[in-house]
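To start, the structure itself, in structure tokens.
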Amino acid sequence: MPHWLPQAQFAGYYIADKMGYYRSEGLNVEIIHPSASVNAIESLANGKSDIISLFLITAISSKNSGVDLVNIGQFSQNSALLFVAKKDRNINKLSDLNGKEIGVWSSGFDEVGKALIQSSNYKVSWIPILSTINLFMIGGIDAMTVMWFNEYNQLINSGLNEDELTTFFFSDFGYNIPEDGIYCLNKTLLNRKGDLEKFMRATLKGWEYAKEHRAETVDIVLEIMKKEHIPTNKTHQSWMLDKVLELIDPGTKNVSEGELSETDYQKAQNVLIDGGYTNKKIDFRDFYKPVLEN
């Protein structure tokens, strides 16, 4: 279960399935998506899913809360999170957010943005929003949290020009915390490590195919989204795929594709501790148990 609804963010899994990479490894994989009543963490905990994707910081929080999960592979290597504001609100630098209203998703993913604001000692009003850009578009909030590969492009597609917007990428302020990783329960790792190795190997092939065949990949994503009755368009999903593939690239990091950096892990854990979300520390080796040799 990916941690959100079908979109190009999860293209590697769809391609691995569509191209038969899972079957070639001897696996029968079913991809299911969250619903209004069951999220990915609950699905993993109650045994409905064997493997899920999660943001790194969400996974650490879940483990702290008693879900005995482990990271078996890390696809995202860079943060896609940022604040976006309209320049006509006289917001041009980070300090201009002081005293403003910032939209954050009511479904979570707010820890890093709040840590950034807190580290600067700014006071803001956090406004819970759903997964739409509507309140920002009508001027109901001064700024909002967006994903570079998703809501930012929705703003552009909705008629705003890039030069009308001010962006604050969290990674530019020392918060380059990667997001999407692959998780299972510790008992699944103990009992089915061979199958998990096969899953990771096939998924890496899926992402590689997506990188080399982007137009075809977008068409496959659109087909899945249409089947699930999720509105979108080719332009937006093409943008999303391009940006997600950029985020997967480790660049100058001293890790391979699919590997979690201990430095990134400690950064994420420190955000949770400093923000008062937890006072526990989980050892990196208890959290990250890769199934493939890097």
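Applying both filters, DSSP loop and at most 15 other Cβ atoms within 10 Å, to the trypsin sites (Lys or Arg not before Pro) of the range 82-169 gives Lys93, Lys123.
Taking Cα centre as origin and charging only the Cβ of basic (Lys, Arg, +1) and acidic (Asp, Glu, -1) residues, the dipole magnitude of the range 1-109 rounds to 440 debye. Distant-in-sequence amide contacts of Leu82, defined by a placed amide H-H separation under 5 Å and a gap of 5 or more residues or a different chain, comprise Val146, Trp148, Phe170. Accessible surface of Ile156, taken over heavy atoms with a 1.4 Å probe and every protein chain present, rounds to 50 Å². Annotation: Val67 carries an accessible surface of approximately 30 Å², with a 1.4 Å probe and no ligand, DNA or RNA atoms counted. Where the alpha-carbon atoms of the range 212-257 are placed on the principal axes, they occupy 40, 18, 15 Å, in descending order.
Residues Val38, Val84, ordered by accessible area of protein heavy atoms at a 1.4 angstrom probe radius and largest first, appear as Val38, Val84. Binning the alpha carbon pair distances of the range 239-294 at 5 angstrom intervals from zero yields the distribution 4, 16, 19, 20, 17, 16, 7, 1, expressed in whole percent.
Farthest towards the positive end of the charge dipole of the range 18-158, among the residues Phe136, Ile41, Val104, is the Cα of Phe136, using unit charges on the Cβ of Lys, Arg, Asp and Glu. For Asp195, the accessible area of its heavy atoms, probed at 1.4 Å with every protein chain present, is near 50 square angstrom. The rule of thumb for compact globular proteins, 2.2 N^0.38 Å, goes into the C-alpha radius of gyration of the range 188-235 1.55 times. Amide H to amide H distances under 5 Å link Glu101 with Ser125, Asp142, Ala143, where only residues 5 or more positions off or on other chains count and H is placed in the peptide plane. Taking Cα pairs under 8 Å and at least six residues apart, what relative contact order does the chain come out at, in percent? With pairs under 8 Å counted, the relative contact order is 33 percent. Measuring between their Cα centroids, the range 113-192 and the range 7-86 lie 18 Å from each other. Were the residues from Asn134 through Lys227 laid out at 0.36 nm apart, the gain over their Cα-Cα distance would be 31.0 nm. Convex hull volume per residue, computed on the Cα atoms of the range 83-171, equals 89 Å³.
Taking 37 °C and 0.692 mPa s as conditions, the range 1-40 diffuses translationally at an estimated 300 µm²/s according to Stokes-Einstein applied to its Kirkwood radius (Cα pairs).
Among the GluC sites (Glu not before Pro) in the range 121-229, those placed in a DSSP loop whose Cβ has at most 16 other Cβ atoms within 10 Å are Glu228. Using the Karplus relation 6.51 cos²θ - 1.76 cosθ + 1.60 with θ = phi - 60°, the per-residue 3J(HN,Hα) values for the range 196-209 come to 5, 4, 4, 4, 5, 4, 5, 5, 4, 5, x, 5, 5, 5 Hz, with x marking Gly and Pro. Estimated purely from DSSP H runs of n ≥ 4, each contributing -39500 (n - 2.57), the mean residue ellipticity at 222 nm for the chain is -12000 deg cm²/dmol once divided by its residues.
Our compactness index for the range 54-205, the C-alpha radius of gyration over the empirical 2.2 N^0.38 Å, is 1.21. Using a ≥ b ≥ c from the Cα gyration tensor of the range 142-294 (square roots of the eigenvalues), is it rounded, prolate or oblate, where a/c under 1.5 gives rounded and otherwise the larger of a/b and b/c decides, a/b for prolate? Note, shape of the range 142-294 comes out oblate.
Computed over protein heavy atoms with a 1.4 Å probe, the carbon and sulfur contribution to the accessible area of the chain reaches 46%.
Cross-link partners of Lys205 among lysines, defined as those whose alpha carbon lies under 17 angstrom from its own and excluding same-chain residues fewer than eight positions apart: Lys18.
The values are calculated or read from the model by the stated rules, or taken from the named source; none is laboratory data. A quick note: this is a predicted structure, and the numbers were derived from the prediction, not measured. Positions of Cβ are backbone-derived with ideal geometry, glycine not excepted, and every protein chain shown enters the neighbour counts. For accessibility, only protein heavy atoms count, side chains too; no ligands or nucleic acids. Shrake-Rupley method; radii C 1.70, N 1.55, O 1.52, S 1.80 Å.
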